[in-house]
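Asker: First the structure, then my questions, so here it is.
The values are calculated or read from the model by the stated rules, or taken from the named source; none is laboratory data. Just so it is clear, the model here is predicted, and its values are computed rather than measured. Every residue, glycine among them, receives a Cβ derived from its backbone with ideal geometry; neighbour counts consider all protein chains shown. Just the protein is used for accessible areas: all its heavy atoms, side chains included, with ligands, DNA and RNA removed. Shrake-Rupley method; radii C 1.70, N 1.55, O 1.52, S 1.80 Å.
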Amino acid sequence: MELSFYFGSHSSYSFMGIFFCLLLFTFFPNSQVVLADSEYLIGLGSYDITGPAADVNMMGYANTDQIASGVHFRLKARSFIVAEPGGNRVAFVNLDACMASQLVTIKVLERLRARYGDLYSEQNVAISGIHTHAGPGGYLQYVVYIVTSLGFVRQSFDVIVDGIEKSIIQAHQNLRPGSLYVNTGELDAGINRSPSAYLNNPASERSQYQYNVDKQMTLLKFIDNEWGPIGSFNWFATHGTSMSRTNSLISGDNKGAAARFMEDWAKQKSLGTQSHSSHVVASGTHNNQQGFPRRVSNIIPPVHENSNKLKELVSSFKASGGMQLSGPQSIVQRVRNTFSQGSQQNFVSAFCQTNCGDVSPNVLGTFCIDTGLPCDFNYSTCNGKNELCYGRGPGYPDEIESTRIIGDRQFTKAVDLFNTASEQIKGEVEFHHAYIDFSQLEVTVSSSEGKQVVKTCPAAMGFAFAAGTTDGPGAFDFKQGDNQGNPFWKVVGSLVKAPSKEQVDCQKPKPILLDTGEMKLPYDWVPSILPIQILRVGQVVILCVPGEFTTMAGRRLRDAVKEVLTGDGNGEFDNNVHIVIAGLTNTYSQYVTTFEEYQIQRYEGASTLYGPHTLNAYIQEFRKLASALFTDQNLPQGPQPPDLLDKQISLLPPVIVDSTPAGVHFGDISNDVPINSTFKRGDVVSATFWSACPRNDLMTNGTFALVEFLDSSQNWVPAYDDDDFCLLFKWSRPSKLSAQSHATLEWRIPQDSLPGVYRFRHFGASKSLLGSISYFTGSSAAFGVV
């Protein structure tokens, strides 16, 4: 997360059964594993958590100008549950959100407790964020993380809590006998954005690793004993910052895109089609050997082969004009069915976050926007100016193309690991959890003078925090690598809360800009009590951490836990144990660097809240959790984190009323596609409608936008919706206080689209002055694709 909001814009069946098995052998390599004996019950679920697509500040960059105004593709909560029959179980939720929220976790657990009793609790449920910087904010409870969203946003919060609960309910209801497999492999989808800090780690330690980022992806493959492959979850480190700080479209960024690509791939494999993937949009092609197929359009017969007939059909369908609807009918118009087909689970694929703290997806490097030259290595500045240094993604200057490429790299590797997974997961399901007060934790560390006891500190943010990162730089005269601080800004920070001498000494060499851990008005600015958690499924161990660990910090934590598991155990674990870090899990507390990286005070070090010994504190406490896997001892749970829901303040104005000009209806066309027009694959076509504020109805499990295809029976059928990478829903007002608004639907025609007749269709909901909500739709004139 790139926060620098205080000082400027800134900075996831009988015969049919036999026939189905044959399909599995054909289209899913290694599908023979469905015949293996299973020792687990497995279930997966997925639900829409797309928040308000208007007026709400995006979470991640803390850029006050980055206000949501449309949808790139939808956000999901994806869950898996693994249970021993009659024994333990664990639930893991992957959110297409910037991070987990303590308040969200508390309320989800309350709902699960009301529904299932003690079956699910903070002990065995983990909720993790993919770290997209393109989702609506306002759903966390601490002041620092909701300032730019004008406080708490109930709509953002509710849709996430609802979606997590429903995804877990789905996974619970889908529990069936099955097997799990694990596989690992390397890919290139990130670079180290703070290499000067990484280089401060001991040379002897760095020499153990080939790269200054972790390139390994770890994937779990879920196999239902009857239905075969039903999903996969993987962990790989790269930031969700392919979409820039100026983007205003809701997006799961590269990890959300990868999940969409893989779920569509799996759907098409089950259909047995053999064309290109839907995610290959106008730019780029894909290796057709893997048979990446399109989802819907290619099951519609190509009836428009005669060009004259095509033009005749196009000319016969004009814009419909706006029409009132009785309710949110877009739900039944979606291209993808949200719910299971019959008794079979939908394929669920999640691309989870791990130790991404210093890993950027902008792999071309950092450059000065004024000169085009590389940025300064140590300070990421351009002629001393921090705000001119930006990272470039592989599709530069097209951020959507960069998102596609980095998502595609993760997707392609995940498909490879999925198809070749052969190591079956066997063993117990276990979990341990504790709350730790990180503001005053005693930590035993080793030094040249032997062991000594040090302490963590109350949270504080350093000057380089305000500098942001090369994924989203801050403003003014802040810069990364500043361990001195500026006298003027020290005075400004002291006006908010002057740190004590004890706090200054504890946090050294961090120069304190904001003493957030000791700021309590109107309520806590940052957390002090943090959850840590271990989930175990056989030889796979998931370390759930509430922050962003840097590459080397993550390596040290994994190594420490592995040492406990393989050294102090009873032979259950060997060197083949798979340890993954699930970052940004259960709550959020910013960054964790190594002690050596902390000394450099780049952005990540300045955002390591609890001082230089934060990582050692995590290692100490996770060693205890790991040891408990063998002893089955009940660890002290520690102090409970606060529930601050009743203290939340919201300054976001509500939607007052929606209107249109006289004689115009909601859903009418404002700017149609050119009359009798035809387009080629790769072209961009758009239409603009008179619309209303998307906050009136989030269209959960529905859509604001459709591209419809005219089939051979002269029926319009959905071909693409606002969960497709190639279709953008853009919403705008003519002025900030206007009650009128427009919705533009923009389609980059995929290379695998069928020739034929298409049109746009928009769904929306308007609010009257008395507060009633009315639903509407409208369609554009038809156009051809040749």
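Asker: Lys/Arg Cβ at +1, Asp/Glu Cβ at -1, dipole of region 384-509 taken about the Cα centre: which of Phe476, Phe411, Leu441 is farthest positive-ward?
Answerer: Phe476
Asker: Provide the gained length on full extension for the span Ser307 to Glu205, in nm with one decimal, where the gain is 0.36 nm per separating residue minus the Cα-Cα distance.
Answerer: 30.1 nm
Asker: Here is a follow-up. Which value at 222 nm does the chain reach when only helices count, each DSSP H run of 4 or more adding -39,500 (n - 2.57), with the total divided by all residues and rounded to the nearest 500 deg cm²/dmol?
Answerer: Per the formula, -6500 deg cm²/dmol.
Asker: Going by a ≥ b ≥ c, the root eigenvalues of the Cα gyration tensor, does region 551-685 fall in the rounded group (a/c under 1.5), the prolate group (a/b larger than b/c) or the oblate group?
Answerer: prolate
Asker: Here is a further query. What's the center-to-center distance, using Cα atoms, between region 713-752 and region 566-628 in Å?
Answerer: Here the answer is 43 Å between Cα centres.
Asker: Please report the net charge: other residues with Cβ closer than 10 Å to the Cβ of Leu187, K and R +1, D and E -1.
Answerer: 0
Asker: Compute the separation of the alpha-carbon centres of region 503-548 and region 413-451 and state it in Å as a whole number.
Answerer: Between the Cα centre of region 503-548 and that of region 413-451, the gap is 17 Å.
Asker: Please get the size of the charge dipole for region 53-127, origin at its Cα centre, with Cβ charges of +1 on Lys and Arg and -1 on Asp and Glu, quoted in debye to the nearest 20.
Answerer: 260 debye
Asker: Say R0 is 41 Å: what FRET efficiency, to the nearest 0.05, do Val717 and Asn576 get from their beta-carbon distance?
Answerer: With a Förster radius of 41 Å, E is 0.25.
Asker: Test of understanding: what is the full-extension gain from Tyr116 to Asp416, defined as 0.36 nm times their sequence separation minus their Cα-Cα distance?
Answerer: 104.3 nm
Asker: Quick one: which residues, 5 or more positions from Thr218 or on another chain, have an amide H under 5 Å from its amide H? H modelled 1.01 Å from N in the peptide plane, none for Pro or chain starts.
Answerer: Residues meeting the amide H criterion: Trp235.
Asker: May I ask you to evaluate 6.51 cos²θ - 1.76 cosθ + 1.60, the Karplus curve with θ = phi - 60°, for each residue of region 322-336 and list the ³J(HN,Hα) values in order in whole Hz, giving x for glycine and proline?
Answerer: Once θ is set to phi - 60°, the couplings for region 322-336 become x, 9, 6, 10, 7, x, x, 6, 5, 4, 7, 9, 4, 5, 9 Hz.
Asker: With each pseudo-label sitting 7 Å past Cα toward Cβ, what's the Lys680-Leu521 distance in nm, one decimal?
Answerer: My value for the distance between the label points is 6.6 nm.
Asker: At 1.4 Å probe size, put Ser46, Ser207 in order of accessible surface, largest to smallest.
Answerer: Putting Ser46, Ser207 in descending order of accessible area: Ser207, Ser46.
Asker: Next question, about the same structure. Specify whether the C-alpha gyration tensor of region 309-455 places it in the rounded, prolate or oblate class, a ≥ b ≥ c being the square roots of the eigenvalues: rounded for a/c under 1.5, otherwise prolate if a/b is larger than b/c and oblate if not.
Answerer: oblate
Asker: For a protection proxy built on the mean count of beta-carbon atoms within 10 angstrom, sort 718-724, 447-453, 67-73 highest first, please.
Answerer: Ranking the peptides 718-724, 447-453, 67-73 by packing returns 718-724, 67-73, 447-453.
Asker: Could you give the length gained by full extension between Leu635 and Gln740, i.e. 0.36 nm per residue of separation minus their alpha carbon distance, to one decimal place?
Answerer: Full extension of this stretch gives 32.1 nm more.
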